[in-house]
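A short write-up of the structure that comes next.
Each reported figure results from applying straightforward, stated rules to the coordinates on display, with no laboratory input. In this text the structure is predicted, and so the values were computed from the model without any measurement. FYI the Cβ positions are ideal-geometry reconstructions off the backbone, even for glycines, and counts take in every protein chain you see.
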Amino acid sequence: MSNQQIVVLVASMSGVAEMVADEVADKLLEAGHQARVVRMEKASQKMLDARDTYVICSSTYGTGEVPDNGKAFYELLTKDRPDLSSVRYGVIALGSMDYPQTFCGGGKAFDAIFAELGAKRLVDRMEHDAKSGVYPEDAALEWIDGWIEALTKEPA
Ligand SMILES: Cc1cc2nc3c(=O)[nH]c(=O)nc-3n(C[C@H](O)[C@H](O)[C@H](O)COP(=O)(O)O)c2cc1C
């Protein structure tokens, strides 16, 4: 068991990322971690100060952009540039190869800004293609195993 708080931050337009986030949070709980899902419109600087570990679960809309409910948080990161050097994170990026030029752009954008602000990426970003025939929750549950393993090896 661990007292590590993990926040699964979700940016979603039509609910797929939310469903994936719920399953990932359940798996984190089963693994003995404290985890909760927070919709990104509720994310704040205060939350960034208080928590140190994140799983970002974001789909992609428009021309490779973050979903509407993630825009304010993305802007907070890019404009205020908080110091994330004590943060560990991972990214689950959802997209579709219907949009090859902007594939998984939402998750890629969060991954890039977290890294730029000094956060420690525990394992490579997961990318899911809605056209692949693979269920996103299945891919995410497999990916989170590796992320959990990396988390236990990487001290806070
Ligand atoms: C209008 C629209 C625009 C989209 N634009 C992109 C895109 O630019 N790049 C991409 O990889 N996926 C794009 N997608 C695919 C979604 O990101 C993908 O289907 C995702 O699984 C949806 O998750 P959500 O229900 O959590 O929003 C788009 C989907 C729609 C409906």
Can you give the calculated 222 nm mean residue ellipticity of the chain, where each DSSP H run of n ≥ 4 adds -39,500 (n - 2.57) and the sum is split over every residue, rounded to the nearest 500 deg cm²/dmol? -11000 deg cm²/dmol
Cα convex hull volume per residue for segment 9-65, in Å³, equals 82
Say the dipole of segment 5-149 comes from +1 at the beta carbon of Lys and Arg and -1 at that of Asp and Glu; which of Q45, S12, V123 then lies farthest toward its positive end? Q45
Given the C-alpha centroids of segment 56-89 and segment 1-51, what is the distance between them in whole angstrom? 14
How big, on average over all directions, is the shadow cast by the Cα convex hull of segment 5-149, in nm²? 7.6
Length gained if S44 through V134 is fully extended, taking 0.36 nm per residue and subtracting the Cα-Cα distance, is 29.1 nm
FRET efficiency, 1/(1 + (r/R0)^6) with R0 22 Å, evaluated for K71 and D98 via beta carbons: 0.50
Expressed as a rounded percentage, what relative contact order does the chain have, with Cα pairs under 8 Å and six or more residues apart? 23
Suppose each label sits 7 Å from its Cα in the direction of the beta carbon; what would the R121-K153 distance come out to in nanometres? 1.7
Counting DSSP beta bridges with both partners in the chain, what percentage is antiparallel, nearest 5? 5
Once phi for every residue in segment 116-128 is put through the Karplus expression 6.51 cos²θ - 1.76 cosθ + 1.60 (θ = phi - 60°), the whole-Hz ³J(HN,Hα) values, with Gly and Pro written as x, are 4, 8, x, 6, 9, 7, 6, 9, 4, 4, 8, 10, 10
Using the basic label-point model (7 angstrom from Cα toward the beta carbon), what is the T78 to Q5 distance in nanometres? 2.8
Could you tell me the relative contact order of segment 65-132? Use alpha-carbon pairs under 8 Å, at least six residues apart, and round to a whole percent. 42
